[in-house]
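Just below is one structure, and these are the notes that go with it.
The values are calculated or read from the model by the stated rules, or taken from the named source; none is laboratory data. Not measured: the values here are computed from a predicted model. Cβ atoms come from the backbone with ideal geometry, glycine included; neighbour counts cover every protein chain shown.
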Amino acid sequence: MTTFPTFPAGTILGYPRIGPRRELKKAVEAFWAGSVTADELEATAVALRRSTRERLVRLGLGRDDSSIPESFSYYDQVLDALCTVGAVPARFANLQGGDGRIDLAGYFTLARGAGDHPPLEMTKWFDSNYHYLVPEIGPETAFSLASDRLVREFAEAKAAGFLTRPVIVGPVTFLLLSKPSDEAPTGFSPLERLEDLVPVYAALLQRLRAAGAEWVQLDEPALVSESIDIPRADALAAVHSAYTTLGALADRPAIFVAAPYGSLDDALPVLAATAVEAIGLDLVRGTVPTVTAGLETTTLVAGVIDGHNIWRGDLERAFETVAGLACLSPRVTVSTSTSLLHLPHDVNDESALSAELTSWLAFADQKVTQVATLARGLSEGRVAIAVELAAASAALDARRVAPGVHDGAVRVRTDALTATDFSRGDYAARVAAQKATLGLPFLPTTTIGSFPQTGDIRRARAHFLTGSLSAGDYRDLMRAEIARVVTLQEEIGLDVLVHGEPERNDMVQYFAENLDGFAVTENGWVQSYGSRCVRPSILWGDVSRPQPITVEWSAYTQGLTLKPVKGMLTGPVTILAWSFVRDDQPLGETARQVALALRDEIADLERAGIRIVQVDEPALRELLPLKKKDQADYLDWSVGSFRLATAGAAEATQIHTHLCYSEFGVVIDAIRNLDADVTSIEAARSRMEVVGDIQTSGFDHGIGPGVWDIHSPRVPSVAELTDLLERAARAIPSGQIWVNPDCGLKTRGYAETVESLQNMLAATHAVRTRL
Ligand code: GLN
Ligand code: ZN
C-alpha cells in the first residue's frame with residue numbers, strides 16, 4: 001500500500017481570486033472589450049497567482065507542504081471543471097478544437113453567450129451570494145481530459161518553489177449541480193453519467209501526480225445539501241462508487257474531499273469507508289460528527305474558521321473544537337469552513353472603519369493567520385498560542401459590551417412586540433379601501449422600481465462622494481432625473497409610477513448607509529459571479545433609523561404627478577442576505593430590528609402622501625437553509641420580519657413586494673404568508689410557466705408575473721407580450737393580474753427601455769379590450 005505524505009497542519013479551502021484591487025476583474029473585462037490580448041490577460045493571472053502564493057506563505061501557510069490551495073479561476077470553478085472534463089454542450093461545439101480543448105475566448109463564451117447562443121445558466125452556489133454556471137449533461141456528452149490548466153498551474157507554482165494543492169469540483173458535485181442537456185430524454189439524470197466521468201478525474205489525478213502533486217482537493221459541497229432534486233440514496237451510491245474507484249487508483253496523489261456549507265450527515269460514513277485520505281468538515285455551519293467507522297484511518301480537516309463571514313470570532317472555542325476531534329481520528333488538522341472566496345481580502349485595506357470595529361473583523365488574510373495560529377497550537381500545544389487566543393477573546397469581550405452593539409431603545413421595542421404587530425388584518429377590507437383611494441384600471445401597469453442608471457447619474461454620485469459636487473447640486477441633479485423619469489412614465493401611460501431610484505448606488509448599501517448599526521467598506525469587494533463583484537455592508541450593531549431615508553425623494557416624486565407613486569424599500573431579509581451580518585444573535589432578531597426601521601419609514605411615507613409602498617425581497621428564496629430541518633424556522637422569521645415591516649400600513653395603503661425568481665414551488669406558502677397586496681415575480685424567461693404554480697396554489701392576492709425579460713437588451717414585441725399576458729389570464733383570475741417587467745431596469749439602456757415599455761402598454765390595451 002502506498003503511504004502518502006501527511007496532510008498539512010493548517011490550510012484554507014480556497015482564496016479570493018479577484019485580487020486585492022480587483023485586478024482580475026479589470027483584466028478580464030479589458031480582454032472582453034478587446035483592449036488586452038489573451039496573452040496579456042494570462043500574464044495578469046500568472047502575476048496574481050504568484051502574489052497570492054507569496055502572500056499565503058507570509059501569512060503562515062507552508063511553502064512546500066501542500067497547504068496552499070491552487071484555487072484560481074478566470075470566471076467560475078464549475079465552468080473550470082466543465083472545461084477540464086470536456087463537457088461542452090453541443091451548441092458550443094464549434095468552440096472546441098479537435099482535441100476537445102477550448103481557448104480562453106471560448107471559455108468566456110460559455111459563460112456569457114454569443115450571438116444567438118445563450119450562455120450556460122447561472123445559479124446560486126449553496127447558501128452563498130456566489131453564482132456558478134450550470135453544466136448541461138446528457139447521454140451525448142463526451143467526457144475527456146480536455147484541459148490541463150490545473151496541471152499547468154501546479155507546475156507554475158512548483159517552478160517558483162511552491163508545492164501547492166490543486167483544487168477542483170469533485171465528480172459527484174459536478175453531476176449533482178448539472179442539469180440535463182437539451183438533447184437528453186425526459187427523466188434523464190446527469191448522475192447516470194458518473195461511470196463515464198470518473199475515469200477522466202482518474203486521468204487528471206494521475207497527471208497531477210506525475211507533475212509532482214502530493215495532495216489534491218476535490219470539493220463535494222453538494223453532499224451537504226438537501227435541496228438537490230436527486231434521491232439521497234443515489235447521491236450516496238455515487239459517492240461510494242466514485243471514491244472507491246479513485247481511491248483504488250495507482251500512482252495518484254493523496255485525496256482530500258472537502259464538504260463545505262454544512263454537515264455531511266449520512267454521506268460521512270460512506271465517504272469514510274472509501275480510501276480517501278482526508279475529509280474536510282464544515283464545523284461552523286455543520287456540527288461535530290459522532291464516532292464513525294473508517295475515520296480512524298482518515299485525516300480530519302476541521303473547518304473551524306468561518307470562511308463565510310467577516311468576524312474574527314471565538315478563536316478559543318475553535319481551538320477547543322479542533323482539540324476535541326482527537327476522539328474521532330488520530331490525525332486532525334485545521335482549516336476554514338469554506339473557501340475564503342466569500343470574503344474581501346484584507347481588513348488592513350480599510351482605513352475608514354473605526355479601530356474598534358476593525359479589531360472585531362477578520363477578512364480572508366486574517367482568517368489565514370487564524371488558521372496558522374491554530375495549526376501551531378495543535379503541534380506545539382496551547383501555550384504556544386495563548387497570546388493570540390487571549391487577544392481574540394479580549395476583542396470578543398469588548399465587542400459584546402461596545403456601545404451600539406446593544407441599543408436599549410431598540411431592545412425595548414423588539415421585546416414589546418405582540419402578534420398584532422405582525423398582522424395587517426382582513427384582505428377584503430384592504431382591497432375595498434385601496435380601490436376607493438387608488439382608482440386603478442383593470443390590468444394595472446407598473447415597473448419594478450429602478451430606471452436605467454446612466455453614466456451621468458453615476459458620475460454625479462462619484463463627484464458628490466469626492467466632494468467636487470455639493471450636496472445641494474447633487475440633489476438637484478437627482479431631482480431633475482426623477483422629473484424626467486416621471487414625465488416618461490406618464491407619456492408611456494403607466495398607471496403606478498416610480499421615482500426610478502437614481503440616488504441609490506445599490507438597493508442594500510443605500511439603506512445600510514442610512515441606518516445605524518451598519519458600516520460600509522472601501523475595498524471589501526467579493527466576487528458575485530464572473531467579473532461581477534459586490535461590496536456587502538457590515539451589520540455589526542443594533543439597527544435603528546436615525547431619520548427618514550426615502551421620504552423626501554418619494555414625496556418630491558408624488559408632487560410631480562396625479563398618478564400614484566410607489567415608495568420603494570428593500571426588505572429586511574434582503575438587507576440581511578446581501579450584508580455581512582452579526583453572528584452574536586439569531587438572524588431573526590436582527591431581521592426584526594431592520595423591520596421596525598422599515599415600518600417607521602412606511603409610516604412616514606404614508607404621512608407624506610404615498611399610497612403604495614413596495615418592499616423588495618428578492619433574496620427571500622436565497623437564504624433558504626440547505627437542510628430541510630432548518631427551513632421552517634427560517635421561513636417563520638423571514639416571513640415574520642416582512643410582515644412586521646409592513647403590518648403598520650393603513651388598509652388603504654397598498655403594499656407591494658418583488659421577488660426576483662420564478663422557482664415559486666418551494667416558497668409558495670411563504671410568499672402567500674407575506675400577505676402583500678401585490679407581488680411581482682420573474683416569469684418571462686420561463687414563458688409564464690410559473691402561473692401554473694400560482695393557479696394550483698390558490699394564491700388570491702394581486703400578482704404581476706413579469707412579461708419582459710429585462711436581463712437581455714432584446715425588445716419584446718407587442719404580439720409576444722400579448723401572448724404572455726393572455727397565458728397569465730388563462731391561468732389566474734384576470735382581476736388579480738398586474739402588468740410589469742421581470743425586474744428593475746437599472747442595467748438597461750433607455751432605447752430598449754422606452755420601446756419595451758411602450759410595447760408592454762400596447763399589449764395591455766389589447767388584452768384589456770379582449771377580456
Ligand atoms: N426595486 C429594485 C429595482 O427595481 C428591485 C431590484 C431587485 O429585485 N433586485 O432595481
Ligand atoms: Zn428583481
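Do we find a residue being within 16 Å of ligand 2 (Cβ to nearest atom), assigned to a helix (DSSP H, G or I) and either among the small types (Gly, Ala, Ser) or within 21 Å of Gln489 (Cβ to Cβ) (or both) anywhere in region 736-755? Yes, region 736-755 contains at least one residue that is within 16 Å of ligand 2 (Cβ to nearest atom), assigned to a helix (DSSP H, G or I) and either among the small types (Gly, Ala, Ser) or within 21 Å of Gln489 (Cβ to Cβ) (or both). A Cβ distance below 6 Å, combined with a sequence gap of six or more or placement on separate chains, defines the contacts here; from region 553-582, residues that are more than 16 Å from ligand 2 (Cβ to nearest atom) reach residues that are aromatic (Phe, Trp, Tyr) in the pairs Arg582/Trp540.
Filtered by the rule that a residue be more than 25 Å from Glu601 (Cα to Cα) and in contact with a Leu (Cβ under 7 Å, 6 or more places away or on another chain), region 614-638 gives a lone residue, Gln631. Residues that are on the phi > 0 side of the Ramachandran plot and modelled with pLDDT under 95 within region 382-438 comprise just one, Gly425.
The C-beta contact set for region 123-136 (first residue within 19 Å of Gly262 (Cβ to Cβ), second residue modelled with pLDDT under 90 and assigned to a strand (DSSP E or B), distance under 6 angstrom, 6+ apart or interchain) comprises His131/Met122; His131/Lys124.
Each residue in region 322-346 was checked for being over 17 Å from the mean Cα position of the chain (by Cα), within 16 Å of Trp525 (Cβ to Cβ) and not acidic (Asp, Glu), and 1 pass.
Each residue in region 669-689 was checked for being more than 16 Å from ligand 2 (Cβ to nearest atom) and in contact with a Phe, Trp or Tyr (Cβ under 7 Å, 6 or more places away or on another chain), and 1 pass. Residues that are touching a strand residue (DSSP E or B) at 6+ places or on another chain (Cβ under 8 Å), in a helix (DSSP H, G or I), within 16 Å of ligand 1 (Cβ to nearest atom) and of a type outside the set (Phe, Trp, Tyr) do not occur anywhere in region 714-725.
Pairs are defined by a Cβ separation below 9 Å, a sequence spacing of at least 6 or placement on different chains, a first member in region 527-552 that is at positive phi, and a second member that is assigned to a loop (DSSP other than H, G, I, E, B) and at pLDDT 95 or above; the pairs so defined are Gly530/Tyr74; Gly530/Tyr75; Gly530/Asp76. Within region 486-514, the set of residues being in contact with a helix residue (DSSP H, G or I) (Cβ under 6 Å, 6 or more places away or on another chain), away from ligand 2 (no atom under 16 Å from the Cβ) and not in a helix (DSSP H, G or I) comprises Gly493, Leu497, His499, Pro502, Glu503.
Is it the case, given these coordinates, that Phe464 is away from ligand 1 (no atom under 14 Å from the Cβ), at pLDDT 95 or above and not in a helix (DSSP H, G or I)? The answer is no for Phe464. A count restricted to region 640-676 and to residues that are in a loop (DSSP other than H, G, I, E, B), surrounded by fewer than 22 Cβ atoms within 10 Å (Cβ to Cβ), more than 20 Å from the chain's Cα centre (by Cα) and not hydrophobic (A, V, I, L, M, F, W, C) stands at 3.
Ala762 meets each of the listed conditions (1) away from ligand 1 (no atom under 16 Å from the Cβ); (2) more than 22 Å from His701 (Cα to Cα); (3) within 34 Å of the chain's Cα centre (by Cα) apart from (3).
When region 726-771 is filtered for residues that are closer than 25 Å to Asp675 by Cβ and touching a strand residue (DSSP E or B) at 6+ places or on another chain (Cβ under 7 Å), the ones remaining, listed by number, are Ala728, Ala729, Ile732, Gln736, Ile737, Trp738, Val739, Asn740, Gly744. Output the number of the condition that Asp693 fails; it satisfies all remaining conditions of (1) in a helix (DSSP H, G or I); (2) buried (at least 24 other Cβ atoms within 10 Å of the Cβ). Unmet for Asp693, out of (1) in a helix (DSSP H, G or I); (2) buried (at least 24 other Cβ atoms within 10 Å of the Cβ): (2). Within region 565-604, the set of residues being among the hydrophobic types (A, V, I, L, M, F, W, C), in contact with a Pro (Cβ under 8 Å, 6 or more places away or on another chain) and away from ligand 1 (no atom under 15 Å from the Cβ) comprises Phe580, Ala591, Val594, Ala595.
Going through region 608-624 one residue at a time, which ones are in a loop (DSSP other than H, G, I, E, B) and within 10 Å of ligand 1 (Cβ to nearest atom)? Across region 608-624, the qualifying residues are Glu617, Pro618, Ala619.
It is to be established whether one or more residues within region 19-37 are buried (at least 18 other Cβ atoms within 10 Å of the Cβ), more than 16 Å from Ser339 (Cβ to Cβ) and touching a His at 6+ places or on another chain (Cβ under 7 Å). So far as region 19-37 goes, yes, one or more of its residues are buried (at least 18 other Cβ atoms within 10 Å of the Cβ), more than 16 Å from Ser339 (Cβ to Cβ) and touching a His at 6+ places or on another chain (Cβ under 7 Å). Annotation for region 100-111: no member residue is under 20 Å from Gly170 (Cβ atoms) and either charged (D, E, K, R) or assigned to a loop (DSSP other than H, G, I, E, B) (or both). Of the residues making up region 287-313, those that are acidic (Asp, Glu) and part of a loop (DSSP other than H, G, I, E, B) number 1. Taking each residue of region 54-79 that is farther than 26 Å from Glu29 by Cα and looking for partners that are part of a helix (DSSP H, G or I) and at pLDDT 95 or above with beta-carbon atoms closer than 6 Å, six or more apart or interchain, yields Leu59/Asp365; Leu59/Val368; Leu59/Thr369; Gly60/Thr369; Gly60/Ala372; Arg63/Val57; Ile68/Arg53; Ile68/Leu56. For region 602-661, the set of residues classified as at pLDDT 95 or above, within 15 Å of ligand 2 (Cβ to nearest atom) and in contact with an Asp or Glu (Cβ under 6 Å, 6 or more places away or on another chain) consists of Thr657, His658, listed by residue number. Scanning region 231-259 for residues that are surrounded by fewer than 16 Cβ atoms within 10 Å (Cβ to Cβ) and outside any helix (DSSP H, G or I) returns Pro231, Ala248, Ala250, Asp251. Going by what's in this entry, would Asp700 be described as away from ligand 2 (no atom under 16 Å from the Cβ), touching a Gly at 6+ places or on another chain (Cβ under 6 Å) and of a type in the set (D, E, K, R)? Against the criterion (away from ligand 2 (no atom under 16 Å from the Cβ), touching a Gly at 6+ places or on another chain (Cβ under 6 Å) and of a type in the set (D, E, K, R)), Asp700 does not qualify.
Only one of the listed residues (Gly262, Gly280) is under 25 Å from Leu204 (Cβ atoms) and either part of a helix (DSSP H, G or I) or at pLDDT 95 or above (or both). That residue is Gly280.
Filtering region 531-579 to residues that are surrounded by fewer than 24 Cβ atoms within 10 Å (Cβ to Cβ), of a type in the set (Gly, Ala, Ser) and assigned to a loop (DSSP other than H, G, I, E, B) leaves Ser531, Gly559.
Just for region 737-757: of the residues that are surrounded by fewer than 18 Cβ atoms within 10 Å (Cβ to Cβ) and more than 16 Å from ligand 1 (Cβ to nearest atom), which one is farthest from Leu440 (Cα to Cα)? By that ranking, first place goes to Ala751. The single condition from (1) in contact with a strand residue (DSSP E or B) (Cβ under 9 Å, 6 or more places away or on another chain); (2) within 16 Å of ligand 1 (Cβ to nearest atom) that Val691 fails is (2).
Would you mind stating whether Phe92 is more than 29 Å from the chain's Cα centre (by Cα) and modelled with pLDDT under 95? Spelling it out, it is not the case that Phe92 is more than 29 Å from the chain's Cα centre (by Cα) and modelled with pLDDT under 95.
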